Amino acid sequence: MRKAYDTFLLSEVSAGLAAKAGSFEPYRYECAHCGEEVRLSAVDSTSMVPHFRHRSGNSDVECEYYLGQYGAFSTDARSRKSKNERAEFYFDSNTKMFYLGLRFSEDEISAYEQLSTIFELRVASQAQPFYILRINGRNFSIDTQRLIPLDKFSCNYFLSNTLNGIKRKYEVFNNVANNAATFFKMQVGDGGYRAKLVRSSVLYTNIPYFIVFQSQSPHWSPVDVCLPSEIKVENTFEFETMGRKFIGKVLTITAKTAQIDSLLSSWGYQLEAAETLTLLWPPAILSEDISLINADAAYLYSTFELQAHGNINVHSEDITRITDGVSKVAVNPRIKVYKKNAELMLETCEQETDAYINLPVARRAEKNYRVTDDASFMFNRSGVLPLNKGVTVQMTPDSEVRHYTNGYLDGIVAPLEQITMSGESLLRDALIHYKRTETLNWDDFKSLYLSQTAFHYIETCEKTGLINSAAKYFIEEGRI
Ligand SMILES: [Zn+2]
């Protein structure tokens, strides 16, 4: 099979690119047709191209020739055929306990809930489960990890559910040799850290790990080992959980030497150079292991090439190479990049403030505005004035009443636009509404160019010797 579903990238991937990505954790790849676990085959072969095979050995023809719709790679997380749990194991520095992290998608939760499925956790495949949990919307949030504390020690744990009964074995605590360390990859956190079990055999230089040695029996103490000087140990501490004593260390392997290679290989690990992957833009909010951004594109720096259907779950047209190492990637709505130690999950989110900026603002125009509550403010040239309920304010030009709810603007009252009158009509209006008069003096108009309307009006004023003050003002203004 040339493609499979990658449970890490949440996308279909090609066998060729998956082989280059080079990390083969158990349960990572699943058949894109039937959902059964598959493994990469012919990775280093010179005569065959890399391909996926069912781990069980079953060579179902339909699966072998399955290409999906139009042979395209689906980047939709929902193209997954299997409904098996996505599981990781963790150590938490605050509680000094180990956890199983379980995650289900929306479809998986609803399917299991309908069939009243129960998740089961065992220390041996034939043992009674020591932990059970109903898989439903109350116990699991969509695509969000639920941490289950491990209170029973075992080197291996068996995960299953009551629907299909298949027990999936996870090797957690290293058992290859006496006093072998188990490696966990550090994840940054506030006031402590969480470290995720390394499920492949590959470790990387220059990235921090939490490692743990456990006692061989409940009554013994674990033996602290002396590590080569190229392994920088930040701190060492002892703790007890699940009835066992542990020694934990936070360390970084700074160089690849023959001595270190031999030590790691005796524990079942191999060492490689680490890759770097950084989100350059936009700024992100970290929520669990997901970086939330408020943009539809992201700029990433990586020491490796981003390959569609290989190490990133987008199509090739969504990746634009800007310069060496810097790429622009379209984010819609969630992307995941995974290569070696480098891992990044990006998701678009609407920032809260945007929702409020889009609050509808009721607009109206009034000549006089009667204030209906205590949440209105008058804005005018002299500043801002809070308005009391019941007051009626005159809306003068350039003034505005703003109404706020919970601090957000949701209403504006503007002055009713004054109809700008002029000439005959303005004169009539002035004579009707303004009764003040003053002595007529032709000299006041000497320097003005008078309109016919103004001239005739002033002539009529000669009879009484009085002129309407408002009319005089408008004539001087040139509006009559
Ligand atoms: Zn299959």
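The values are calculated or read from the model by the stated rules, or taken from the named source; none is laboratory data. From a predicted model like this one, the values you see are computed outputs, not experimental measurements. Don't worry about glycine lacking a Cβ; one is built from the backbone with ideal geometry, like all the others, and counts go over all protein chains shown. Surface areas here come from the heavy atoms of the whole protein model, side chains and all, with no ligands, DNA or RNA. Shrake-Rupley method; radii C 1.70, N 1.55, O 1.52, S 1.80 Å.
Just checking, does the stretch 297-318 include any residue being buried (at least 19 other Cβ atoms within 10 Å of the Cβ), touching a Gly at 6+ places or on another chain (Cβ under 7 Å) and over 16 Å from LYS185 (Cβ atoms)? Within the stretch 297-318, one or more residues are buried (at least 19 other Cβ atoms within 10 Å of the Cβ), touching a Gly at 6+ places or on another chain (Cβ under 7 Å) and over 16 Å from LYS185 (Cβ atoms). Screening ALA180 against (1) under 18 Å from ALA124 (Cβ atoms); (2) aliphatic (A, V, I, L, M); (3) open to solvent by less than 20 Å² (accessible area, probe 1.4 Å); (4) part of a loop (DSSP other than H, G, I, E, B) leaves a single unmet condition, (1).
Quick check on my filter: what residues within the stretch 259-283 are of a type in the set (A, V, I, L, M) and more than 35 Å from the chain's Cα centre (by Cα)? Listed by number, the residues that qualify are ILE260, LEU263, LEU264. Identify, from the list LYS256, LYS196, LYS232, LYS249, the residue that is more than 35 Å from the chain's Cα centre (by Cα) and either surrounded by 14 or more Cβ atoms within 10 Å (Cβ to Cβ) or free of Cβ contacts under 8 Å to residues at least 40 places away in the same chain (or both). Matching residue, one of LYS256, LYS196, LYS232, LYS249: LYS256. Among the criteria (1) under 30 Å from VAL371 (Cβ atoms); (2) among the hydroxyl-bearing types (Ser, Thr, Tyr); (3) buried (at least 17 other Cβ atoms within 10 Å of the Cβ), the one TYR457 does not fulfil is (1). Across the stretch 51-67, a minimum of one residue is classified as more than 30 Å from LEU150 (Cα to Cα), modelled with pLDDT of 85 or more and away from the ligand (no atom under 12 Å from the Cβ). Look at the stretch 98-113: where a residue is polar (S, T, N, Q) and a partner is buried (at least 17 other Cβ atoms within 10 Å of the Cβ), sitting 6+ places away or on another chain with Cβ atoms under 9 Å, you get SER105/LEU10; SER105/ALA77; SER105/ARG80; SER105/LYS83; SER105/ARG86; SER105/ASP143.
Rundown of residues vs (1) within 16 Å of the ligand (Cβ to nearest atom); (2) open to solvent by less than 10 Å² (accessible area, probe 1.4 Å); (3) more than 30 Å from ASN332 (Cβ to Cβ), yes/no style:
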residue	(1), (2), (3)
THR75	no, no, no
ASN84	yes, no, no
PHE89	no, yes, yes
GLY101	no, yes, no
PHE104	no, yes, no
ASP107	no, no, no
ALA111	no, no, no
PHE119	no, yes, yes
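Here's the yes/no breakdown for (1) closer than 22 Å to SER200 by Cα; (2) of a type in the set (Gly, Ala, Ser); (3) touching a residue at least 12 places away in the same chain (Cβ under 8 Å):
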residue	(1), (2), (3)
GLU272	yes, no, yes
LEU279	no, no, yes
TYR301	no, no, yes
PHE304	yes, no, yes
GLY310	yes, yes, yes
GLU317	no, no, no
ILE322	no, no, yes
GLY325	no, yes, yes
VAL329	no, no, yes
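Among the residues of the stretch 222-240, those that are of a type in the set (D, E, K, R) and under 20 Å from SER93 (Cβ atoms) comprise ASP224, LYS232, GLU234, GLU238, GLU240.
Any residue in the stretch 25-37 that's in the same structural domain as GLY268 (by TED's automatic domain parsing): show its pairings with residues that are modelled with pLDDT under 90 and more than 9 Å from the ligand (Cβ to nearest atom) at Cβ separation under 6 Å, as long as the two are six or more apart or on different chains. Listed pairs, sorted by first residue: none to list. Scanning the stretch 420-445 for residues that are of a type in the set (D, E, K, R) and modelled with pLDDT of 85 or more returns GLU424, ARG428, ARG436, GLU438, ASP443, ASP444.
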